[in-house]
Amino acid sequence: MVRLRRAQMINLVEHSYFSNIDYRRLGTVLDCFARDAVLSVPGRDHRGRDSGIKQYLEGLLAAHPLIRHEVIACEADEEGQRLACRFTLRLEDAEGRVRKSAGSAAFRLVNGKLAEVAVDCDDGDAGGPPA
């Protein structure tokens with residue numbers, strides 16, 4: 001079983017996950033997830049890296065040509081393989097409308113991959129496409 005150290009956990013979340021969403025590298029983002037992972041956003045659970053999570057992220061990228069996360073802080077529990085992060089999010093849609101919000105995300109890792117991710121934003125929406 002792979003167990004990541006604190007710095008590796010933070011790198012996985014800040015750079016492999018958030019940064020690659022911003023740079024629209026869907027394949028790299030999906031590689032962060034375990035096959036049977038769950039991504040929860042307000043009111044919606046997306047199950048399976050290659051199905052529900054992929055579909056959700058494709059919709060997110062299609063709806064927002066510009067996405068920018070700024071990670072404010074991450075707290076890592078190395079022993080429990082869990083992280084909690086606070087971030088700001090800037091989304092711009094195809095018509096140029098901008099939405100900014102603050103958010104938080106909780107991550108649980110299994111074998112070096114994201115097994116559960118729960119995202120919440122202060123506006124009640126994690127920036128995804130309509131359900």
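Numbers for the structure displayed
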quantity	calculated
On Cα atoms only, tilt of 54-63 relative to the major axis of the chain in degrees	30
Label-point separation in nm, ALA102 to VAL2, each point 7 Å along Cα→Cβ	3.4
Accessible area expressed per residue, the stretch 60-101, with surrounding protein chains retained (probe 1.4 Å, Å²)	59
Karplus (6.51, -1.76, 1.60) ³J(HN,Hα), θ = phi - 60°, over the stretch 11-17, in Hz, Gly and Pro reported as x	4, 4, 6, 6, 9, 6, 8
Gyration tensor (Cα) of the chain, equivalent ellipsoid semi-axes in angstrom	23, 16, 13
Heavy-atom accessible area order for GLU70, GLU58, GLU79, largest first, 1.4 Å probe	GLU79, GLU70, GLU58
Percent accessible area from carbon and sulfur atoms, the chain, protein chains only, probe 1.4 Å	46
The chain, relative contact order in percent, only Cα pairs under 8 angstrom and at least six apart counted	26
Amide H contacts under 5 Å for SER40, placed H, 5+ residues apart	HIS46, VAL117, ALA118, VAL119
Label-to-label distance, nm, for residues given as GLU78 and GLU58 (7 Å Cα→Cβ offset)	3.9
Cleavage-rule hits (trypsin sites (Lys or Arg not before Pro)) in the stretch 67-129: DSSP loop, at most 15 neighbouring Cβ within 10 angstrom	ARG97
SER51-VAL110 pseudo-label distance in nm [points 7 Å out on the Cα-to-Cβ vector]	1.5
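The values are calculated or read from the model by the stated rules, or taken from the named source; none is laboratory data. Just so it is clear, the structure is predicted and the values come from calculations on it, not from any experiment. Please note: Cβ atoms are built from the backbone with ideal geometry, for glycine as well, and neighbour counts cover all protein chains shown. Surface accessibility is based on the protein's heavy atoms, side chains included, excluding ligands, DNA and RNA. Shrake-Rupley method; radii C 1.70, N 1.55, O 1.52, S 1.80 Å.
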